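Asks: If you scroll down you'll find the structure; I have some questions about it.
The values are calculated or read from the model by the stated rules, or taken from the named source; none is laboratory data. Quantities reported herein were computed from a predicted structural model and do not represent experimental measurements. Note: ideal-geometry Cβ built from the backbone for every residue, glycine included; neighbour counts use all protein chains shown. Accessible surface areas use protein heavy atoms only, side chains included; no ligands, DNA or RNA. Shrake-Rupley method; radii C 1.70, N 1.55, O 1.52, S 1.80 Å.
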Amino acid sequence: MNRQSFRSPLARALGLGSAKRGSRHWLAERVTAIALVPLTVWFVASIIARAGSDYTAFVSWLSTPFASVGMILLLIALFHHTALGLQVVIEDYVHSGARFAAVIAIQLCCYGLAVVGVIAILHIAFGG
Amino acid sequence: MDAKPPPLGKKAPRPRPLSPNIQIYRPQLTSVLSIANRATGVLLSLAAIGLVIWISAAAAGPEPYAVIQRALVSWAGQVVLFGVTFSFFLHLCGGIRHLVWDTVHGFELRSIYISGWSVVAASAVLTATAWAAGLFVAGSR
Amino acid sequence: MIINSSDQVSRFTWLKRFPIPHNFDVMPDSRIRPGRTWPAPAGATKTKAFDIYRYDPDSGDNPRLDRFHVDLNDCGPMVLDALIWIKNKVDSTLTFRRSCREGVCGSCSMNMDGTNWLACTRFISDMATPATIYPLANMRIIKDLVPDQTHIFAQYAVIEPWLRSKTPEPEKERLQSVEERSRIDGYYECILCFCCTSGCPSHWWNGDRFLGPAVLLQAWRWLNDSRDEAKEERLDNLEDPFRLYRCHTILNCTRTCPKGLNPGKAIAEIKKMIIERES
Ligand code: SF4
Ligand code: SF4
Ligand code: FES
């Protein structure tokens with residue numbers, strides 16, 4: 001709304017033009033969501049079934065091939081979905097130069113956490 | 001908008017005011033559930049960090065794991081866990097509603113409202129069931 | 001409560017507005033100050049209070065909220081009638097747009113009791129007491145209830161809302177089967193009142209780049225027209241994280257459209273078409 005500007009309304013509305021992408025991000029959010037439906041339900045059910053159990057019981061469950069593969073898949077889908085989702089939230093509300101930095105930071109954190117989680121699972125599974 | 005700059009030496013006129021948006025717009029099931037989906041998503045992101053800490057503690061050995069377990073069974077830990085469970089089910093049901101919309105189904109206003117209230121009811125029921133089951137299993141151990 | 005169609009007035013909502021401060025996120029120039037209360041008409045037996053947003057660009061003052069008392073026995077049944085009554089009988093400076101007074105021109109769109117609708121098709125009897133009337137949400141205001149629509153119409157121009165074809169012009173008209181024509185039903189009826197765009201939270205936060213539901217519904221209207229030959233360019237111009245994908249299917253747009261159209265569905269169709277093109 002700068003009254004000193006001679007830019008035409010159309011020039012403002014066009015901005016820098018179309019990025020000609022965005023569908024990949026949108027689709028990936030859906031694909032990870034679909035993967036997360038069975039994975040998270042399985043995870044929550046497994047935790048409920050082991051409510052109140054001790055360390056050895058928990059670790060011996062986690063080190064079964066089925067559970068460790070499931071957990072690794074869960075972590076990958078979960079953090080990919082989280083990174084994509086939080087990126088949208090930041091793009092919605094952050095309107096300064098911090099936007100780009102925040103998106104990068106979110107992605108690094110998410111993929112970093114996913115790797116930490118996967119290594120921990122492998123550690124438990126193979127008794128490191 | 002305003003192609004003409006103010007005449008030299010004159011103060012620029014005040015900018016046009018922006019009419020109120022979120023300050024006056026009526027909360028509706030549509031917008032409230034959208035905000036809820038987003039808020040629970042952000043909360044679950046934090047819970048995901050907790051998940052990694054929890055697994056890492058288990059990998060690190062019985063003592064670190066016991067510390068996390070103690071925090072989880074504490075009064076505050078249980079409240080947080082309950083909030084996370086409800087957020088999870090709300091985000092899950094809301095997410096499924098979104099996936100159905102993405103196939104261009106269920107866009108009639110009536111369907112939008114029915115699916116919306118169903119999401120609210122289903123997440124409440126699922127949360128209650130999950131906690132009842134969890135407490136039962138823990139109690140019978 | 002289940003809403004069956006957009007013309008259903010939401011009477012039973014727990015909250016009339018989100019529980020945030022009145023001036024949350026509002027720039028100092030846009031803050032609304034208390035206004036004046038105009039005297040009730042002398043001798044009127046049945047009056048209704050209206051709180052109306054006022055802004056006078058010549059005064060240099062902030063916007064304000066004025067209270068009027070409308071004599072319902074002397075006034076037509078619609079909110080637009082009440083506005084005209086106020087302009088004729090109380091304050092002739094009250095400024096608003098109107099033309100057709102029957103819901104086909106889209107001029108009188110405004111925010112009534114917290115949702116956007118056409119003043120000429122909203123019954124006064126459906127309004128709360130006091131009735132609250134603001135201009136369309138999130139618009140630069142020229143005067144009182146008249147928003148500056150320059151930007152949203154420029155956004156409309158971005159999608160090139162006309163038939164684009166590469167086939168040389170036929171001697172007579174471009175033909176369409178009955179079935180092909182029926183595919184733009186529910187989209188061509190849009191009157192560009194911008195109730196939807198002004199009620200879309202995503203357009204509030206990113207309206208500079210997000211095209212908004214009204215314009216995207218029009219985009220789908222052309223994408224879906226069997227005679228149009230510019231699908232490729234149209235989809236290219238739409239596929240953008242901000243122009244299209246800022247829509248998060250909140251569906252305030254579908255809830256508020258006074259013509260009962262479904263911008264949210266149109267946007268879902270565009271997203272689906274983009275995926276179809278890729279797979
Ligand atoms: S569905 Fe999309 S366009 Fe409609 S109100 Fe929601 S975000 Fe806006
Ligand atoms: S889609 Fe409906 S609300 Fe939006 S501009 Fe068109 S007629 Fe108005
Ligand atoms: S005056 Fe034409 S739509 Fe209301």
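Asks: Which residues, taken from segment C:39-76, are away from chain B (no Cβ under 14 Å) and among the basic types (Lys, Arg)?
Replies: Once the filter is applied, which keeps residues that are away from chain B (no Cβ under 14 Å) and among the basic types (Lys, Arg), segment C:39-76 yields C:LYS46, C:LYS48, C:ARG67.
Asks: Give me the pairs: first residue in segment A:111-128 and closer than 14 Å to B:TRP54 by Cα and touching a residue at least 24 places away in the same chain (Cβ under 8 Å), second residue open to solvent by 30 Å² or more (accessible area, probe 1.4 Å) and among the polar types (S, T, N, Q), beta-carbon distance under 7 Å, and six or more apart or on different chains, which are they?
Replies: As it stands, the answer is A:ILE124/A:SER63, since those pairs meet every condition given.
Asks: If only one of C:LYS46, C:LYS87 is open to solvent by 40 Å² or more (accessible area, probe 1.4 Å) and closer than 14 Å to C:LYS143 by Cβ, which one is it?
Replies: Step by step, each of C:LYS46, C:LYS87 is checked, and only C:LYS87 is open to solvent by 40 Å² or more (accessible area, probe 1.4 Å) and closer than 14 Å to C:LYS143 by Cβ.
Asks: Related question: Does segment C:239-262 include one or more residues that are away from ligand 3 (no atom under 16 Å from the Cβ), over 14 Å from the mean Cα position of the chain (by Cα) and assigned to a helix (DSSP H, G or I)?
Replies: No, segment C:239-262 contains no residue that is away from ligand 3 (no atom under 16 Å from the Cβ), over 14 Å from the mean Cα position of the chain (by Cα) and assigned to a helix (DSSP H, G or I).
Asks: Can you tell me which residue within segment C:130-154, out of those that are out of contact with any Pro (no Cβ under 9 Å at 6 or more places or on another chain) and more than 18 Å from C:LEU80 (Cβ to Cβ), is most open to solvent (accessible area, probe 1.4 Å)?
Replies: Among those that are out of contact with any Pro (no Cβ under 9 Å at 6 or more places or on another chain) and more than 18 Å from C:LEU80 (Cβ to Cβ), it is C:GLN149.
Yes/no per residue for (1) within 15 Å of A:VAL118 (Cβ to Cβ); (2) within 11 Å of chain B (Cβ to nearest Cβ):
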residue: A:TYR55; (1), (2): no, yes
residue: A:THR64; (1), (2): no, no
residue: A:LEU78; (1), (2): yes, yes
residue: A:VAL89; (1), (2): no, yes
residue: A:ARG99; (1), (2): no, no
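Asks: Another one. Which one of these does C:SER182 not meet: (1) open to solvent by less than 10 Å² (accessible area, probe 1.4 Å); (2) small (Gly, Ala, Ser); (3) over 17 Å from C:ASN252 (Cα atoms)?
Replies: Unmet for C:SER182, out of (1) open to solvent by less than 10 Å² (accessible area, probe 1.4 Å); (2) small (Gly, Ala, Ser); (3) over 17 Å from C:ASN252 (Cα atoms): (1).
Asks: Looking at segment C:86-148, what strands (runs of 3 or more DSSP E) fall wholly within it and have at least 2 residues that are in contact with a Cys (Cβ under 7 Å, 6 or more places away or on another chain), within 14 Å of chain B (Cβ to nearest Cβ) and within 16 Å of ligand 2 (Cβ to nearest atom)?
Replies: Passing ranges, in order: C:115-118.
Asks: Taking C:GLN218 and the conditions (1) over 25 Å from A:ARG30 (Cα atoms); (2) within 14 Å of chain B (Cβ to nearest Cβ); (3) within 16 Å of ligand 1 (Cβ to nearest atom), which numbered condition does it fall short on, given that it satisfies the others?
Replies: Unmet for C:GLN218, out of (1) over 25 Å from A:ARG30 (Cα atoms); (2) within 14 Å of chain B (Cβ to nearest Cβ); (3) within 16 Å of ligand 1 (Cβ to nearest atom): (2).
Asks: Looking only at segment B:81-121, count every residue that is aliphatic (A, V, I, L, M) and within 11 Å of chain C (Cβ to nearest Cβ) and tell me the total.
Replies: Number of matching residues: 6.
Asks: Considering only segment C:117-138, state which residues are touching a helix residue (DSSP H, G or I) at 6+ places or on another chain (Cβ under 6 Å) and within 16 Å of ligand 1 (Cβ to nearest atom).
Replies: C:LEU136, C:ALA137, C:ASN138
Asks: Quick one: how many residues across segment A:1-47 are hydroxyl-bearing (Ser, Thr, Tyr), in contact with a helix residue (DSSP H, G or I) (Cβ under 6 Å, 6 or more places away or on another chain) and outside any helix (DSSP H, G or I)?
Replies: 1
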